[in-house]
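What follows is a structure written as structure tokens; I'll ask about it next.
Rule-based calculations on the coordinates, nothing more; no lab input. Computed from a predicted structure; not experimentally measured. Note: ideal-geometry Cβ built from the backbone for every residue, glycine included; neighbour counts use all protein chains shown.
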């Protein structure tokens with residue numbers, strides 16, 4: 001069996017690091033990629049983060065909030081560390097780290113590290129199961145969707161609200 005307790009995903013995005021940061025931390029973008037939904041975040045250590053659900057998620061029986069978190073570190077536009085919890089699982093918070101670095105060519109590398117030692121159900125969800133149409137894309141799909149939005153200006157098929 002694959003150990004999903006520490007997952008590392010990387011992607012290159014043809015957009016400035018500042019734009020990637022903005023997409024990760026503002027509702028102007030969060031509602032257009034991945035699973036959609038507005039984000040509320042106080043970008044200081046101890047600040048709270050909430051990723052709200054979309055109407056479609058609510059129709060599936062979810063409440064108003066999909067993800068909650070606490071900001072551990074925020075160094076715009078290079079690093080964001082959160083203690084992160086999916087509300088549909090009653091598991092301890094996991095550690096989510098985004099590292100963002102822009103190269104001289106303009107390409108930005110995003111490395112997402114998700115440490116989930118005590119959250120096996122969440123770990124399975126965020127790893128993705130390939131069934132994107134039914135919410136099984138996980139981090140690979142989320143990052144691909146972010147890349148598509150920032151490079152084309154349009155949401156990826158099945159992404160967003």
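Using 7 Å Cα-to-Cβ label points, what is the residue 58/residue 44 separation (nm, one decimal)?
About 3.1 nm separates the two model spin labels.
Still on this model: Packing-wise, with mean Cβ within 10 Å as the measure, how do 35-43, 105-113 rank, highest first?
35-43, 105-113
I've got another one for you. Any chance you could run the full-extension gain for residue 12 through residue 107? It's 0.36 nm times the residue separation minus the Cα-Cα distance, nm to one decimal.
Numbers: separation 95, 0.36 × 95 = 34.20 nm, distance 0.64 nm.
The span from residue 12 to residue 107 would gain 33.6 nm if fully extended.
Over the chain, what is the relative contact order in percent, taking alpha-carbon pairs closer than 8 angstrom and at least six residues apart?
This gives 29 percent for the chain.
Sort 83, 3 so the one with the fewest other Cβ atoms within 10 Å of its own Cβ comes first.
3, 83
Further question: If a/c stays under 1.5 just call it rounded; otherwise compare a/b with b/c (prolate if a/b is bigger, oblate if not). Do that for the range 1-72, with a ≥ b ≥ c from the square roots of the Cα gyration tensor eigenvalues.
Here the range 1-72 falls in the rounded category.
Return a whole-number percent for the relative contact order of the range 46-137, with Cα pairs under 8 Å and 6 or more residues apart as the contact set.
It rounds to 17 percent for the range 46-137.
Order 53-60, 14-21 from most to least packed using the mean count of other Cβ atoms within 10 Å.
Packing order, densest peptide first, comes out as 14-21, 53-60.
Further question: Could you give the length gained by full extension between residue 157 and residue 75, i.e. 0.36 nm per residue of separation minus their alpha carbon distance, to one decimal place?
Going from the current span to full extension adds 26.4 nm.
For the chain, modelled as a Gaussian network with Cα springs under 10 Å, which listed residue fluctuates most, 26, 104, 145?
104
Evaluate the distance, in nm, between pseudo-label points positioned 7 Å from the Cα of residue 87 and of residue 99 along their respective Cα→Cβ axes.
3.2
Sticking with this one: Going by how many other Cβ atoms sit within 10 Å of their own, how do 98, 33, 12 line up, fewest first?
Numbers: 98 20, 33 24, 12 12.
Ordered by Cβ neighbours within 10 Å, fewest first: 12, 98, 33.
Select one label from (i) 38, 13, 12; (ii) 22, 18, 16; (iii) 26, 18, 15: the one whose number is semi-axes √(5λ) of the Cα gyration tensor in Å as derived from the coordinates shown.
Checking each listed value against the structure points to (ii).
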